[in-house]
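The values are calculated or read from the model by the stated rules, or taken from the named source; none is laboratory data. All figures in this text were calculated on a predicted structure; none of them were measured in a lab. Cβ coordinates were reconstructed from backbone atoms using ideal geometry, including for glycine residues, and neighbour counts include every protein chain displayed.
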Amino acid sequence: MTVQSDLKQAIAACQSAKGCYATMSEATEDNQAKQMYEKMTSDVDGHLQYLEGRLDYLNQNNKLNQQ
């Protein structure tokens, strides 16, 4: 596997986790749990931003892509 494909898999996994956290937040009536899931969703947004930025950087600077 390439670094790019690894990053794409990590991005997909984060997006899936984010969807699960959002679903769990909506499904619970426990305010403390709801806040926890919302915080986790927000944390994943930061991870996604970093991973997507790294993937963009690699795509722009990979010598194989510049042929």
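The lone criterion from (1) in contact (Cβ under 8 Å) with a residue 24 or more places away in the chain; (2) more than 9 Å from the chain's Cα centre (by Cα) left unmet by Glu52 is number (2). Would it be correct to say that Ala10 is modelled with pLDDT of 95 or more, hydrophobic (A, V, I, L, M, F, W, C), surrounded by 14 or more Cβ atoms within 10 Å (Cβ to Cβ) and part of a helix (DSSP H, G or I)? For Ala10, the condition - modelled with pLDDT of 95 or more, hydrophobic (A, V, I, L, M, F, W, C), surrounded by 14 or more Cβ atoms within 10 Å (Cβ to Cβ) and part of a helix (DSSP H, G or I) - is met. The listed residues are Tyr50, Tyr57, Tyr37, and the only one of them that is hydroxyl-bearing (Ser, Thr, Tyr) and in contact with an Asp or Glu (Cβ under 9 Å, 6 or more places away or on another chain) turns out to be Tyr37. Is there any pair with a first residue in segment 15-40 that is closer than 21 Å to Glu52 by Cβ and a second that is acidic (Asp, Glu) whose Cβ atoms are under 8 Å apart and which are 6 or more apart or on different chains, and what are they? Cβ pairs passing all conditions: Lys18/Asp45; Tyr21/Glu38. Residue check: is Leu58 assigned to a helix (DSSP H, G or I) and surrounded by 11 or more Cβ atoms within 10 Å (Cβ to Cβ)? Answer is yes for this residue. Note on segment 13-50: among residues that are part of a helix (DSSP H, G or I) and of a type in the set (Asp, Glu), the one that is farthest from Lys63 (Cα to Cα) is Glu26.
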